[in-house]
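Have a look at the structure below, then the notes.
The values are calculated or read from the model by the stated rules, or taken from the named source; none is laboratory data. Note that the structure is a prediction, hence the values are computed from the model and not measured. Here the Cβ positions follow ideal geometry from the backbone for every residue, glycine too, while neighbour counts run over all protein chains shown. SASA here: full protein model, heavy atoms, side chains in, ligands and nucleic acids out. Shrake-Rupley method; radii C 1.70, N 1.55, O 1.52, S 1.80 Å.
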Amino acid sequence: MNRMMQEEFSALYRAIAIAVFLVFVVLSAQFESPKFSFMVMTTIPFSLIGSFGLLQLTGVSISMTSILGFLILIGTVVNNGILYVDTVNQYRMTMDLKTALIEAGATRLRPILMTSLTTILSMIPMALAIGDSGSTTQGLAVVNIGGLTVGVVVALFILPIYYALMNGSRQRVVLDI
């Protein structure tokens, strides 16, 4: 039984690694640049911090369903980053960097909050479930609530800074000798 559980955990970890790779490939094809894909993918480690933090706070242990929650979280959390980065890229065609970053944040604030809050709020009853039936899905809900909460903050506050650092105008000084 223990060996079977280890095999299942190993298979889920492989699935997560493959999912991260496939998301990166799709993003690279969509953005036509690995730089923007990497930018969006940086939301994943931050969301994992939120997931593990909420698991620790609630005392929920890592189980098969919580690992499935991580798999779901990867796909969900990058959506916010995609919305923001794609909008900034579109605005950069007609605006300077600073204006594009601010306008993209203002334009995408509501969609990012609405999609994330509906998922977070719909998972609260599952996270609060008490008893035998609730314990099996509680880890999945806790992982997604913690990860999405941090993911929203990262998409709205960290991604603009990261975008500016990676795409800021760098002026070169030319010396005439």
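Which longest run of the chain has no exposed loop site in it, a site being trypsin sites (Lys or Arg not before Pro) in a DSSP loop with at most 12 other beta carbons within 10 Å, and the site itself not part of the run?
That gives 1-169 as the longest site-free run.
So, with a 1.4 angstrom probe, what is the percent of accessible area on the chain that is carbon and sulfur?
Details: 7160 of 10580 Å².
For the chain, the apolar C and S fraction of the accessible surface comes to 68 percent.
What is the sum of charges around V152, taking Lys and Arg as +1, Asp and Glu as -1, for the other residues whose C-beta is under 14 Å from the C-beta of V152?
Details: positive: R108, R110; negative: none.
Net charge in that neighbourhood comes out at +2.
Pick out, in residue order, every one of the GluC sites (Glu not before Pro) in region 1-43 that is DSSP loop and has at most 16 other C-beta atoms within 10 Å; say none if there are none. Before the final figure, lay out each step's value.
Details: sites: E7, E8, E32; in loops: E32.
Here the GluC sites (Glu not before Pro) that fit, given the DSSP loop and packing criteria, are E32.
Please give the per residue accessible area of the chain, computed with a probe of 1.4 Å over protein heavy atoms only, in Å².
The answer is 60 Å² per residue.
For region 67-82, what does the Karplus curve 6.51 cos²θ - 1.76 cosθ + 1.60, with θ = phi - 60°, yield as ³J(HN,Hα) per residue in whole Hz, taken in order and with x for Gly and Pro?
Running phi through 6.51 cos²θ - 1.76 cosθ + 1.60 with θ = phi - 60° gives 5, 4, x, 4, 5, 5, 4, 4, x, 6, 6, 6, 4, 4, x, 4 Hz.
Report, to the nearest 10°, how far helix 97-128 tilts away from the longest principal axis of the Cα atoms in the chain, using its own Cα long axis and a range of 0 to 90°.
Compared with the principal axis, the helix lies near 0 degrees.
Top mean-square fluctuation among M95, M39, M126, Gaussian network model of the chain, C-alpha springs under 10 Å?
Comparing M95, M39, M126 in a Gaussian network model of the chain, the most mobile one is M95.
DSSP loop chymotrypsin sites (Phe, Trp or Tyr not before Pro) in region 57-159 with at most 14 other Cβ atoms within 10 Å of their Cβ, which ones? If you can, show how the numbers build up before the last one.
Details: sites: F70, Y84, Y91, F157; in loops: none.
Listed in order of number, the matching sites amount to none.
Which of T58, T87, T137 moves the most in a Gaussian network model of the chain with Cα springs under 10 Å?
Evaluated over the chain, the most mobile residue of the options is T58.
About the Cα centre of the chain, how large is the charge dipole given +1 on each Lys and Arg Cβ and -1 on each Asp and Glu Cβ? Please answer in debye to the nearest 20. Please report the intermediate quantities before stating the final value.
Working: 9 positive and 8 negative charges, 56 e Å.
Rounded to the nearest 20 debye, it is 260 debye.
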